[in-house]
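Worksheet: the structure to be examined is printed underneath.
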Amino acid sequence: MTSKTNLTGLSDLKVLSDERLAAIIREKDRELYGEIIRRYQTKLSHYLRKFVHDADELEDVLQDVFIKTYKNLYDFNVNKKFSSWIYRIAHNEAVNYIKKHRKEAFSLDAKELEIIDEKIDVKKEFDAQLLKNKIGKSLSLMKEKYREPLLLYYFEEKSYEEISDIMRIPRSTVGILIMRGKNILKEFLTR
Amino acid sequence: MENQDNKQDNKIEQKVMSEIKSGRVKLRSKYIFLAEKLGLGSAFALSILLAVLFFCLALFYLKASDNLIYLSFGSRGVFAFLESFPYLLAASLVIFIFAAAAILKRSGVSYKKPFSYLAFGLLGFIMLAGTILAFTNIPERIERGTFGKHPAGVFFRPFFRDDMEARKNGIAGRVVEIGENYIVAQTPRNVEKIDLSELKIRLREQINEGDFIMVIGERKNGLFIARDMRVARPDDMPIIQRSVHQRFGNFVPLMPR
C-alpha cells in the first residue's frame, strides 16, 4: 500500500480509529479511503440489504453511500462517532431508495430469524420458513419510523445513542419506537 | 455466499477508489461546509431577530392603536376589532417563527432533545425578548419612521399603514366639526362624516372639537351610521393620534367658531 503519511504499514493503519483515519484522509492522504471502505462495506451491505433486495441495485446504493461519505468528509465532526455518521448517510440513501421503489417483503437470514425469535419472543410453533416469510412481510408492512430503529438495534447491534445519531431523533424516542415496533411485530406475528 | 460478498465488496472498493484517484469524485471543500453552516446560522439569527421585532411591533400596535379598544364596546365592537387587527404583522411573525423552527430542525444540532421542548423554548424567547423590546422606544421610532420620511420606513409601511385603512365597522379619529346629529372626524386616511341620529347609547361625555373619538357602527350610502361612541384619552391610541397629526397637522376647526 502506498501512503503519503507517516504510517509505516498496514498494521499501523489497522489500529487507527475511524475518526483519526477520516481526519488523515481529508487532510493528508485520500488514498487511505480504501481502508474506510474495507471497514464498512460488509456492515453497510448487511444493513442496506434490508431495503434493497436486488444485488445490482444494492451495489449501486452502497457505492453512492461511499462516494457521498468521501465527498462530505469535511462535514464530519472528528469529535463524534464516524460509524454513526456513515450509517446516517446510508440511512438517508435507504430512505431515498424506499421512496423511489415500492415496498417489498424483507428477506431475513437464519441468524436474523433467531434474533427475532429470541428478542421479540414469538413463542408460536411456526414452521421456520413460514415464520421467516411472515416476519419479512410484517417488517415490510410496518411503518418506517418503527422498522428502522428495530433493524438498527437488533440486526446492526447499534446502541440507543448511536441510533439517535443515525436517525436524528432523541434517545428517549428511540426507546419508545423500539418498544412499539416490537409490540407491533408481535401483534402481526400472533395474528 | 461469502465469496460472492467479498467479490462484490472488492468491486465496490475498486470502483470508488478509481473514481477518487481519477479525480472524478472530489472532496467538497471545507469552506463550502463552513459557508453552509454560517449561512444557516445567519438565517436562523435573522429569523429570530425578525420574529422578536415583529412580536414587539404587534404588541405595540395592539397597545397603541384603536384595535384593542374596540373590544371595550362589548360584542358590538368585535367586527371593528377584527377589521383593525394587524393580520400582516401577525402573519409575518408566524412565518418567521416557523422559519426559525425549520432551520433549527434542519441544522441537526437539536435532535438530542425532543423538538417540542425546543419549540417552546424558542417561542418563549421570542415572546420574552419581544415584550422587553416593546417597553423600549424602538417600536415607536419605527412607527414614526414609517409615517415620516425615513428611508427604512418603506419596509415597515405596509405593516402599519394598511392596518389604518378606512373600516366598515369602526372609526377612530379627531373631531373637527360638531353639528346636529352628526360630527366630522379626521382619521388617518380621510375626513369622515358620522351620523349620530341612530346612536343607541347616549354619550356620557361632552364632545369637543379637537377631541379624539372612537365610534362603532356601519356604513350606509357613503355615510357612517354610529351605534356607539366614546371619547378617547390622549394616551389611548397614540398611533391614531400621530397618524392624524401627520396627515392633517395641528387641530384646525373646519367651521369657524
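Readers should treat all values here as calculations from the given coordinates under stated rules, not as data from a laboratory. This one's a predicted model, so the numbers in the text were calculated from it and none came from an experiment. Counting neighbours? That spans all protein chains shown, and the Cβs are built from the backbone with ideal geometry, glycine included.
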Using all C-alpha to C-alpha distances in chain B, build P(r) with 5 Å bins and read off the rounded percent in each one. 1, 5, 10, 12, 12, 10, 9, 7, 6, 5, 4, 3, 3, 2, 2, 2, 2, 1, 1, 0, 0, 0
Rounded to whole Hz and in sequence order, give me ³J(HN,Hα) for the range B:99-109 from the Karplus expression 6.51 cos²θ - 1.76 cosθ + 1.60, θ = phi - 60°, writing x for Gly and Pro. 4, 4, 5, 5, 5, 4, 5, 5, 5, x, 8
Which listed pairs, of A:Lys50/A:Lys137; A:Lys145/A:Lys186; A:Lys71/B:Lys112, have C-alpha distances above 19 Å, in listed order: A:Lys71/B:Lys112
Which of the three applies to the range B:122-225, rounded, prolate or oblate, going by the alpha-carbon gyration tensor with a ≥ b ≥ c and a/c under 1.5 meaning rounded? prolate
With a point put 7 Å past each Cα toward its Cβ, work out how far B:Leu71 is from B:Val191 in nm, to one decimal. 3.5
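What are the chymotrypsin sites (Phe, Trp or Tyr not before Pro) within the range B:137-186 that DSSP puts in a loop, where the Cβ has at most 10 other Cβ atoms within 10 Å?
Details: sites: B:Phe147, B:Phe155, B:Phe156, B:Phe159, B:Phe160, B:Tyr182; in loops: none.
Loop-located and lightly packed - none at all.
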A:Val15 paired with B:Lys168, simple spin-label distance in nm, labels 7 Å along Cα-to-beta-carbon: 8.3
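For the range B:66-139, compute Rh as the Kirkwood radius over C-alpha pairs and then the Stokes-Einstein diffusion coefficient at 20 °C and 1.002 mPa s; write the answer in µm²/s, rounded to an integer.
On the way: Rh = 14.9 Å.
Stokes-Einstein gives a translational diffusion coefficient of 144 µm²/s.
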Can you give the angle from 0 to 90° between the axis of helix B:138-147 and the longest principal axis of chain B, with both taken from C-alpha atoms, to the nearest 10? 70
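With N set to the number of residues, divide the alpha-carbon radius of gyration of the range B:167-248 by 2.2 N^0.38 Å and report two decimals.
That ratio works out to 0.99.
Rounded, prolate or oblate, given the Cα gyration tensor of the protein assembly as shown, with a/c below 1.5 counting as rounded? Before the final figure, lay out each step's value.
Values: a/c = 4.32, a/b = 2.46, b/c = 1.76.
Cα axes put the protein assembly as shown in the prolate bin.
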Please list, in chain and number order, the residues 5+ apart from B:Ala232 or on another chain whose amide H is under 5 Å from its amide H, with Hs placed from the backbone. B:Phe212, B:Ile213, B:Met214
Ranked highest first by the average count of other Cβ atoms within 10 Å around their residues, in what order do A:31-40, B:48-57 fall? B:48-57, A:31-40
Averaged over B:11-19, number of beta-carbon atoms from partner chains that fall within 10 Å: 6
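So, counting K/R as plus one and D/E as minus one, what does the shell of residues with Cβ under 15 Å around A:Glu161 add up to?
Numbers: positive: A:Lys80, A:Lys81, A:Arg88, A:Lys158, A:Arg168, A:Arg171, B:Lys112, B:Lys113; negative: A:Glu156, A:Glu157, A:Glu162, A:Asp165.
Net charge in that neighbourhood comes out at +4.
Per residue of B:83-96, count partner chain C-beta atoms within 10 Å of its C-beta, then hand back the mean as an integer. Provide the component values of the computation, followed by the final result.
Values: counts 0, 0, 0, 0, 0, 0, 0, 0, 0, 0, 0, 0, 0, 0.
Neighbouring Cβ atoms belonging to other protein chains average 0 per residue here.
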Determine the distance separating the Cα centre of the range B:64-128 from the Cα centre of the range B:135-192; give it in Å without decimals. 24
Would you please classify the overall shape of the range B:19-107 from the alpha carbon gyration tensor, given that a ≥ b ≥ c denote the square roots of the eigenvalues, rounded means a/c under 1.5, and beyond that prolate means a/b larger than b/c while oblate covers the rest? prolate
Let me check I've understood the local charge: for B:Lys112, count other residues with C-beta under 10 angstrom from its C-beta, Lys and Arg +1, Asp and Glu -1. What total comes out? +1
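Note the direction-averaged projected area, equal to a quarter of the hull surface, for the Cα convex hull of the range B:34-161, in nm². List each step's numbers first, then the result.
Values: hull surface 38.6 nm².
Over all viewing directions, the range B:34-161 projects a mean Cα-hull area of 9.6 nm².
Just checking the output field for A:41-48: average partner chain Cβ neighbours within 10 Å of each residue's Cβ?
Working: counts 9, 5, 0, 2, 4, 1, 0, 0.
Rounded to a whole number, the mean comes out at 3.
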In Å, the Kirkwood estimate of hydrodynamic radius for the range A:1-104 over Cα pairs equals 14.5
Rounded to whole Hz, the Karplus (6.51, -1.76, 1.60) HN-Hα couplings of the range A:39-45, x for glycine and proline: 5, 10, 5, 5, 4, 5, 4
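Antiparallel DSSP bridges in the protein assembly as shown: what percent, to the nearest 5?
Around 90 percent antiparallel, to the nearest 5.
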